[in-house]
Amino acid sequence: MLSSPNFINDFIKWPKKYQDGMLIKSTCDHLVNVMRSNGCVYDCKVCQKFMNVLGDNVGIGSSDVQQRVRLATTNDGMRINYFVSLVQPLLSTTSNDILTIRTNTVAERLLWHDNNKQLKQITGVVCKDQQSNQKYIISANKEVILCAGAIHSPILLMRSGIGDESQLRKLDIHCNINKSYHNLPGVGKKLKDHLVIPRAFVTTSSHVDCCQSLNGVQTIFNNTNKNDGAQYVLMDGCILKHAGPLMVSSVFRRDYQHTNNKKNIISYIKQYTFHIIYALILTILQWAVKYIKPLTHFMTYHTSTLLITILHPKSHGTVTLTSSNQIRIDPAYLTDVDDCKSAVSAWNQSAWIKDTVMNKSWEILPGSLYKVYSSLSWKGSKVDDEVIITYAKQFIQPYFHYIGICSMISHANQSNSNEEEAVVDENFKVIGMQGLCICDASVFVDCISAPTALTCASLGYILSDILIKEGGEGR
């Protein structure tokens with residue numbers, strides 16, 4: 001599903017040339033046109049009933065609601081990735097000597113040297129062939145462009161001795177010949193993600209008619225009435241006919257990370273017992289849905305999920321190494337008090353959708369248990385809010401729109417390239433390194449009000465233009 005960010009508001013913290021969003025917008029428009037010309041984009045049809053309810057009767061004033069019916073990259077209801085829609089058609093029209101693709105290959109670390117210069121020089125990449133288990137070096141004459149994704153780009157930097165020096169010294173990680181480090185404390189910091197709070201339902205009939213398996217009908221709410229600056233997305237998960245079973249089964253996930261802060265033996269037993277039970281339920285459910293046709297029909301056409309999404313969370317986590325090979329990812333969902341308030345506001349808005357679109361449905365999560373839990377609590381809005389927050393923390397799901405772990409220098413700190421949170425400059429170049437760029441979601445300064453893929457493709461296009469201009473006519 002293609003989704004454009006809010007170009008006016010999403011990039012105001014970025015460096016100056018990105019702030020108004022027009023550079024990103026023009027590039028996104030161009031890429032969409034390219035994908036459309038490749039036959040991979042079309043205007044998606046939506047459930048008019050759901051859109052009518054969201055648009056006309058949400059109860060917060062039409063000026064506060066932005067309806068976005070978006071483009072879909074699909075083929076017979078299946079999503080098409082960006083390689084198929086952008087890169088593959090380009091490769092088919094170019095000669096083979098322009099690009100060498102090595103499969104079954106893992107990039108293990110970057111090589112660089114420090115000759116007492118102000119900038120360290122990148123020299124190559126250590127790779128490993130997974131079939132032969134042999135390691136080899138690819139030398140870099142000019143540039144290494146790191147596009148390993150929001151999680152693995154910072155991991156690759158840290159494994160190469162680039163990051164928070166105090167942490168890397170504890171792990172005894174160093175990769176250059178002088179056994180030195182390139183201190184960039186911002187590597188692995190500022191991890192953010194859109195977060196999803198699910199409400200799952202069993203329906204008496206297939207009350208939403210949709211011919212395609214799309215990515216859900218979404219309406220964006222700018223909650224100006226509450227004056228909390230939050231922005232939410234309410235998604236109708238029942239649009240995903242083929243994904244219905246996955247949506248329902250996924251809400252059984254539970255994370256005790258923020259509800260049990262004391263790591264004692266009881267909390268570990270609870271955690272692992274729950275995960276074992278969840279894995280067993282999920283396995284049985286997936287098997288049953290696949291082989292028991294009546295259940296397949298029921299799960300596909302008589303279940304739905306209302307997904308509450310916080311688009312601009314303030315909570316941020318970390319990506320760290322616990323050893324040279326072990327990775328720890330902590331998104332720190334709902335650790336900021338403002339995000340908890342946003343979750344409550346979004347929940348209260350979703351209650352109206354539940355009473356309209358889902359009025360003939362039985363809510364199974366949180367459902368009756370939530371009502372019993374609420375009735376046992378003290379009366380009053382504050383206690384009710386605490387119940388909602390507890391449920392959200394226990395059943396929150398990642399959106400996997402991870403960003404910010406190698407953050408680009410922001411508008412607020414452009415004058416100070418050594419600011420702790422900055423890893424790359426406005427041209428994607430790693431601060432203090434010569435010949436090393438990062439171009440993926442890890443460089444985002446903050447969350448955007450859309451999935452990240454189209455913006456990532458846009459950044460790749462912008463970086464290619466920068467490199468071409470730097471290389472001159474012969475590049």
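Using the structure shown, list the pairs from K170/K192; K17/K429; K135/K190; K13/K429 with a Cα-Cα distance above 24 Å, or answer none. Write out the running numbers ahead of the final one.
Working: K170/K192 26 Å; K17/K429 15 Å; K135/K190 33 Å; K13/K429 18 Å.
Correct reply: K170/K192; K135/K190.
Distant-in-sequence amide contacts of S3, defined by a placed amide H-H separation under 5 Å and a gap of 5 or more residues or a different chain, comprise L454. If R0 is 30 Å, the Cβ-Cβ spacing of D465 and I277 corresponds to a FRET efficiency of close to 0.05. Karplus-based coupling profile of the range 23-36, in residue order and whole Hz: 5, 5, 4, 4, 6, 4, 4, 5, 5, 4, 5, 5, 5, 5, with θ = phi - 60° in 6.51 cos²θ - 1.76 cosθ + 1.60 and x standing for Gly or Pro.
Spin-label pair N9-Q394: with each label point 7 Å from Cα along the Cα-Cβ axis, the two points sit 3.2 nm from one another.
Compute the length gained on full extension between V337 and N325: take 0.36 nm times their separation in residues and subtract their Cα-Cα distance, giving the result in nm to one decimal. Working shown, then result.
Working: separation 12, 0.36 × 12 = 4.32 nm, distance 3.36 nm.
Extra length from V337 to N325 when fully extended: 1.0 nm.
Using heavy atoms of the protein chains and a probe of 1.4 Å, the accessible area assigned to Y42 is about 70 Å². Of the residues E386, E108, the one with the largest accessible area comes first in the ranking E386, E108, computed with a 1.4 Å probe on protein heavy atoms. With the crude spin-label approximation of a point 7 Å out along Cα→Cβ, what separation in nm comes out for Y42 versus S180? Using points 7 Å along Cα→Cβ, the separation is 5.9 nm. Computed from phi, the 3J(HN,Hα) profile of the range 5-16 under the Karplus parametrisation 6.51, -1.76, 1.60 (θ = phi - 60°) reads x, 7, 5, 6, 10, 6, 10, 5, 8, 6, x, 3 Hz, with x in place of Gly and Pro.
Sequentially through the range 144-153, phi angles give Karplus couplings (6.51, -1.76, 1.60; θ = phi - 60°) of 10, 10, 8, 10, 8, x, 4, 8, 7, 4 Hz, Gly and Pro residues having no value and appearing as x.
Close amide H pairs (under 5 Å, H built 1.01 Å from N) link G124 with L111, A140, residues at least 5 positions away or on another chain. The heavy atoms of L156 offer some 20 square angstrom of accessible surface to a 1.4 angstrom probe.
Annotation: amide H of K314 within the under-5 Å range of D339, sequence separation 5 or more or interchain, hydrogens built in the peptide plane.
The values are calculated or read from the model by the stated rules, or taken from the named source; none is laboratory data. Since the model is a prediction, treat every value here as computed from it, not as a measurement. Virtual Cβ from ideal backbone geometry, glycine too; neighbours counted across all protein chains shown. The area values use the complete protein model at the heavy-atom level, side chains included, leaving out ligands, DNA and RNA. Shrake-Rupley method; radii C 1.70, N 1.55, O 1.52, S 1.80 Å.
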